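See structure below.
A short reminder: the numbers here are calculations on the coordinates, not readings from a lab. Because the structure is a prediction, the values reported are computed rather than measured. Here Cβ is always computed from backbone atoms with ideal geometry, including for glycine, and neighbour counts include all displayed protein chains.
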Amino acid sequence: MRKASLKSWINLLKGNPNKMHLELVIAFLILFLAIWLFYTRHLGSEYGPTTMKRARRMIEFAKITKKDIVYDLGSGFGGLAIMASRRAKKVVGIEYDFLRYFFSIIRAFFHGARNVGFIRGNLFKQGISNADVIFLFLKQKTNQKLKAKLKKLNKGARVVSNTWTFENWKPARQDKNLKVYMYVVGEE
Ligand SMILES: C[S@@+](CC[C@H](N)C(=O)[O-])C[C@H]1O[C@@H](n2cnc3c(N)ncnc32)[C@H](O)[C@@H]1O
């Protein structure tokens, strides 16, 4: 087995240099993509999009009105923020990764979503005190670290989390199949 794989590497090196070049470029691109999608893990979460079904449920649970200011903490490519903007007064997406942040701005522009803004930064360091609704799709551990910050929000603010829960908080609504959990500040 070991011999065979060594042989195939030797054959690869002996082969068409142009083909080898292409293979190396592809390998490098795959490695870059994997690192790019995962490097924010230590800050709070790697990248992964909220599916359409879950996004709809999150928006439904949040009961967003035209008076509400909504935050998506870790907004990725901005899909959820743009979707929520149709019902909200204003939506703010906070995203650490520059490319995701930049893509979100362009995406919002082409969607004509003028009430969405994006901040490039660490969600733990940004002010969110005016939030009526918070969306999250992070990690179980990250949610626990955010508890103190979320507790300071106005009473009645809705915190809606995709997949991950807040330990020892009681959800006001939940969809166990889709793993969407909604908490109300002051009633948690
Ligand atoms: C799982 S994705 C969710 C994207 C989007 N909210 C959605 O539901 O489709 C999590 C995003 O949070 C970002 N993120 C993780 N930790 C962060 C931090 N400390 N500050 C800002 N963004 C962060 C990641 O870069 C990633 O794009």
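Of the residues H42, H111, H21, the one that moves most in a GNM of the chain with alpha-carbon contacts below 10 Å is H21.
Applying a DSSP loop filter and a limit of 15 other Cβ atoms within 10 Å to the trypsin sites (Lys or Arg not before Pro) in segment 124-188 leaves K152, K155, K176, K179. FRET efficiency for the Q140 to E187 pair, using the beta carbon distance and R₀ = 22 Å, is estimated at 0.55. Structure remark: mean-square fluctuation, Gaussian network model of the chain, C-alpha springs under 10 Å; the largest value among I134, I119, I26 belongs to I26. Principal semi-axes of the equivalent ellipsoid, √(5λ) from the alpha carbon gyration tensor of segment 61-102, are 20, 8, 8 Å from largest down.
When +1 charges are put on Lys and Arg Cβ atoms and -1 charges on Asp and Glu Cβ atoms, the dipole computed for the chain relative to its Cα centre reaches about 240 debye.
Extents of segment 52-184, largest first, come to 40, 27, 27 Å (Cα atoms, principal axes, whole angstrom). The angle between the Cα long axis of helix 140-151 and the main principal axis of the chain comes to about 30°, on a 0 to 90 degree scale. Note: relative contact order over the chain, using C-alpha pairs below 8 Å and six or more positions apart, is 18 percent. Stretching L178 away from F124 to a fully extended chain increases their span by 16.8 nm, per 0.36 nm per residue minus the current alpha-carbon distance.
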